[in-house]
Amino acid sequence: MTTLSIVLVLALLLVVFGLLFRLQILTSIFSGSSNREVGVSNRVNAILFMVFLIGGGAWFAWSFVENFDRMNPPIASVHGLATDKMFWGSMAVLGVAFVLTQVLLFWYSYRYQHKDNRRAFFFPHNNKIEVIWTLIPAIVMAALVFAGWKEWTRITGPAPKDAVVLEIMGKQFNWLVRYPGRDQKLGVVNYRLIDAVNEFGFDLSDQNGVDDFTAGEIHVPKGHPVLLRIRSRDVLHSVYMPNFRVQMYAVPGMPTKFWFTPTKTTDEMRAQTGNPNFTYELACNQICGRGHFAMKMSIIVDEPDDYVAWFTKQKSFSEQNPEVLASFKQKSDKLVDKAPATPAAAAVVTPTAAKASL
Amino acid sequence: MAANFPTQEQVQGGIGATEPGHDHAHHDEHHEQGFLSKYVFSTDHKYIAKQFLITGIFWAIIGGALSSLFRLQLGWPEATLEWLKPLLGKWIEAGKLNPEFYLALVTMHGTIMVFFVLTAGLSGTFSNFLIPLQIGARDMASGFMNMLSYWFFFGSSVVMFASLFIETGPAAAGWTIYPPLSALPQAIAGSGAGQTLWLVSMALFIISQLLGGVNYITTVINLRTQGMSMSKLPLTIWAFFLTAILGLLSFPVLFSAALLLIFDRSFGTSFFLSDIYIAGQALPNTGGSPILFQHLFWFLGHPEVYIVIMPAMGMVSEILATNARKPVFGYRAMIGSLLGISLLSFIVWAHHMFVTGMNPFLGSVFMFLTLIIAVPSAVKVFNWLATLWRGNIRFTTAMLFSIGFVSLFIAGGLTGIVLGNAALDIQLHNTYFVVAHFHLVMGSSAFFGLWAGVYHWFPKMFGRMMDEKLGYLHFWLTFAGVYLVFLPMHYVGIAGFPRRYYAWTGFDTFSQFADLNKFISVAAIIAFLGQFIFIFNFFYSIWRGRRATENPWNSTTLEWTTPVIPGHGNWPGDIPAVHRWPYDYSKPGAEEDFIPQTVPYSQTQSSNLPYEKEME
């Protein structure tokens, strides 16, 4: 019944619009305005351009100021401070160009609207002006590019040697994280070894991997460079950490990396934002399928001491899954005929080792 | 869809326009052949242009409707969409939109708008319609190839449209169809039959583009009328000409990418696949690179955005000059900047890939090249502004849309300078900032160019005028709508909201802006509904519009010297010769405020400039 009445109302509205439209045509024919080349509507449109400029400009300014605080995700990395400064710096330069050109566009439209007694100014070209307004954007562009290029090379340059290393692997539809353990070396992984238990595809015949541990959330120490080693095991994903201004694709078959230095612990950020539940988040930012919008992992920035304490508490993957380790031992036993297998050093990570990793 | 257009004859009959070589009595039902060759398999460029236009309008409605559907989801993530069940069927699960279908919606919206509307609908319509008319040719170099171009496009449209209805849904890996997602049906259902149809459709589409492009280029080079040197061409023709060259050089690369993807999907090759464990299974593919696909895709993909925008630039230049009653400022600089943009557009593609793991040094190179392309774009904007300065402006609907085009092109173009900066792109890549940027600079602007073109050349297409008042309403509604949708979208993007998200409710980081997203959705849906004003106006005016005169805008270019409805061969008698450039508006000393290109200098002695005296 409601559907029927909605349809009826819509149909009636259409009829009304149709009648108004016919009426408009008929009046314009009778008033003779359809024969005039430039009529009243020319003036109306010119005025509307001014209204649009002033009204639209005011709305833009108001909405920008109104939303400014919400649109800046709090920054918590060293390079993020620099890029944010550059972003708003560039936006200010572009904002000037935007306002200037839009005001001229709308003002000229209004100012030079048709007048019966005026003739347009025949002005086909002027080389001097054209050279000037080719050079000005070229110079501004050069400055912006140069600043951007310097920052880009710094960000993408090699990570400091003492950086904390961790590996993030994207899969449909969550993130897996692996730390190198006490030896500071990530062990070999092989996608053919992946199964429900061995999600990373650990190849535990590689000694470097025996002390590697996985984690349900990312912990990083404040004030210390962190090197993310990034891979994917199925489709493209993108490691996106808005608060750290970090983004890098996870590409199957091609490991990528990104390094950054966190500047504020989670607790400090909770105090700063006044939000007791504030959490740094890792999101996927490259379309990857049904669950793309839900690929989330929490990141916790600790004080260095807390980070070490957390690090030492972790148990290695091989220790948690002795049967996986055993299967590799069996294989290597078979391969190396009765050769004495090296004892698996699935030792608990010691506090000193974790400290050494910093 | 678009093929049938039997009433043009009535319009012609009603007006009594002269159409040489046509005997209307031959066109009755008993002559199937005649009907088919006139209305369906026509080789007349003007007819093919209308076929492209109407097919484009059809696709624009579909593409816009799809965006309204996903804006419903984004604006009201908690609402029940059960009421859409009669339309969407099984894609509504327990009152919710299926997340994979959401991705299919954004994928198809992008594909349809970029390729089917703004490439085929825009360039296909106006290159076809205007090239022969404005250069003074009887038709395209090859009418038959031109006909094939439309029918390959039609075939491609049928395949793409059919893919909307198949059981596993249409392609859903984004319009950029990055593998491995697009290569593996295990990864997303849309990568099954839907993606196959997508690739087949695009292959047909590329054939259509190449047939058209070869034709446009040949026609412009070979069939210009007497006196029509390259330096006397209207800017529209320069734009179409360079667009066709861009398409001819870049579309084959997309074809190769599609072909390799087909091999990977169906024949077990590993061009783009490596080290994949999916759906409980390790795939045998090794050695491929998903990044290779991105290079191939964007080698077309970036020139593509200029393929979309350059015809609009050309038409806007023409319309601004005509209605400001002033020569376009810096004619040669306008051609130069078009050339610069065309050249540079081939060497900036990797700015779409700064954070894909590509070598950062390569990123630096592409950042430099990308920001250079802003210079010719800036020159164009300044020249458009200078064209308005001290003009005597008539606000026809086409003029309104042209001014709107300039405004949107500035608004969207400027943020490109931020995105082209690799260091800033780290944070902004794939966020709504990018979505806002390209929707303004290539989406809305190109659409405005398309509307400007339709309103301006409608009289020449159909012999009638579109209703101006409805046009004004359409313009102001759309202009306001576009800004209301895409300005707030920048805020959402600066806050880091990722694109192609079904909902942001799972993240604390993206917990704000539910209100803005609702606002954007409302504005988008109203702006979409407003387009039906245009559609009504368009079809109503074809049959009932006010009758047009030969040259309703007092314009200088050749198409306005043809009869009200030009017939086969365009000019009843000899093709007119051209004596001057196309922008002699308001020339001092001239009687009228425009001098058509066909008027020799000997007839305008009072207005000739010193260097023109010797040409009298």
Worksheet, complete the sentence: Expressed in angstrom and ordered largest first, the alpha-carbon extents of segment B:366-466 along the principal axes are 52, 29, 17
Worksheet entry | Net dipole in debye of segment A:164-357 [+1 Lys, Arg Cβ; -1 Asp, Glu Cβ; about Cα centre; nearest 20] | 400
Worksheet item: For chain A, what is the percent of antiparallel DSSP beta bridges, rounded to the nearest 5?
Response: 70
Worksheet item: So what's segment A:164-357 giving for Cα Rg divided by 2.2 N^0.38 Å, two decimals?
Response: 1.08
Worksheet entry | Whole-Å distance, taken between Cα centres, linking segment B:124-158 and segment B:364-408 | 28
Practice prompt. List B:Thr387, B:Thr43, B:Thr322, A:Thr83 from most exposed to least, where exposure is judged by having the fewest other Cβ atoms within 10 Å.
Written response: B:Thr43, A:Thr83, B:Thr322, B:Thr387
Fill in: All lysines inside 20 Å of A:Lys313 as judged from Cα atoms, apart from same-chain residues fewer than 8 positions distant
A:Lys185, A:Lys222, A:Lys355
Worksheet item: Nearest-5 percent of antiparallel DSSP beta bridges in segment A:164-357?
Response: 70
Fill in: Among A:Leu193, A:Trp152, B:Trp91 - extreme Cα towards positive end, dipole of the protein assembly as shown, charges at beta-carbon
A:Trp152
Worksheet item: Can you sort A:Val210, B:Val308, A:Val78 by how many other beta carbons sit within 10 Å, fewest first?
Response: A:Val78, A:Val210, B:Val308
Worksheet, complete the sentence: Per the 1/(1 + (r/R0)^6) rule, R0 = 25 Å and r from the Cβ atoms of A:Thr273 and B:Trp76, FRET efficiency to 0.05 is 0.35
Worksheet item: Where does the Debye-calculated log10 I(q)/I(0) of chain B sit at q = 0.05 Å⁻¹, using only Cα point scatterers of equal weight, no solvent?
Response: -0.22
Response to the item:
Projected onto the charge dipole of segment B:463-616 (unit charges on the beta-carbon of Lys, Arg, Asp and Glu, signs +1, +1, -1, -1), the Cα from B:Thr598, B:Ile565, B:Ala524 with the largest positive-side position is that of B:Ala524
Worksheet item: Angle between the Cα long axis of helix B:99-111 and the longest principal axis of chain B, 0 to 90 degrees, nearest 10?
Response: 20
Item to complete: Determine, for A:Thr312, A:Thr261, the number of other Cβ atoms within 10 Å of each Cβ, and report the residues in order from fewest to most.
Response: A:Thr312, A:Thr261
Discussion item. With only alpha-carbon pairs counted, each pair once and no self-pairs, how large is the Kirkwood hydrodynamic radius of segment B:457-585 in angstroms?
Written reply: 18.7
Worksheet entry | Centre separation in Å (Cα based) which lies between segment B:260-292 and segment B:501-522 | 35
Fill in: Size-normalised alpha-carbon gyration radius of chain A, reference 2.2 N^0.38 Å
1.56
Response to the item:
Taking a straight Cα-to-Cα line shorter than 26 Å from B:Lys50, and setting aside same-chain lysines fewer than 8 residues away, one finds B:Lys38, B:Lys460, B:Lys469
Item to complete: Could you compute the FRET efficiency for B:Gln226 and B:Glu592, with r as their C-beta to C-beta distance and R0 at 25 Å, rounded to 0.05?
Response: 0.60
Worksheet item: For segment B:64-150, which trypsin sites (Lys or Arg not before Pro) are both in a DSSP coil and crowded by at most 16 other Cβ atoms within 10 Å?
Response: B:Arg138
Discussion item. Using just the Cα positions, wrap the protein assembly as shown in a convex hull and report its mean projected area in square nanometres, one decimal place.
Written reply: 43.0
Discussion item. If you restrict to DSSP beta bridges whose two residues both lie in the protein assembly as shown, what percentage is antiparallel, to the nearest 5?
Written reply: 70
Worksheet item: Based on the Cβ-Cβ distance of B:Phe361 and A:Phe30, what FRET efficiency does E = 1/(1 + (r/R0)^6) give at R0 = 56 Å, to the nearest 0.05?
Response: 0.20
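Taken together, the values in this text are just the output of simple stated rules run on the coordinates, not laboratory data. All values reported here derive from a predicted model rather than from experimental measurement. Cβ atoms come from the backbone with ideal geometry, glycine included; neighbour counts cover every protein chain shown.
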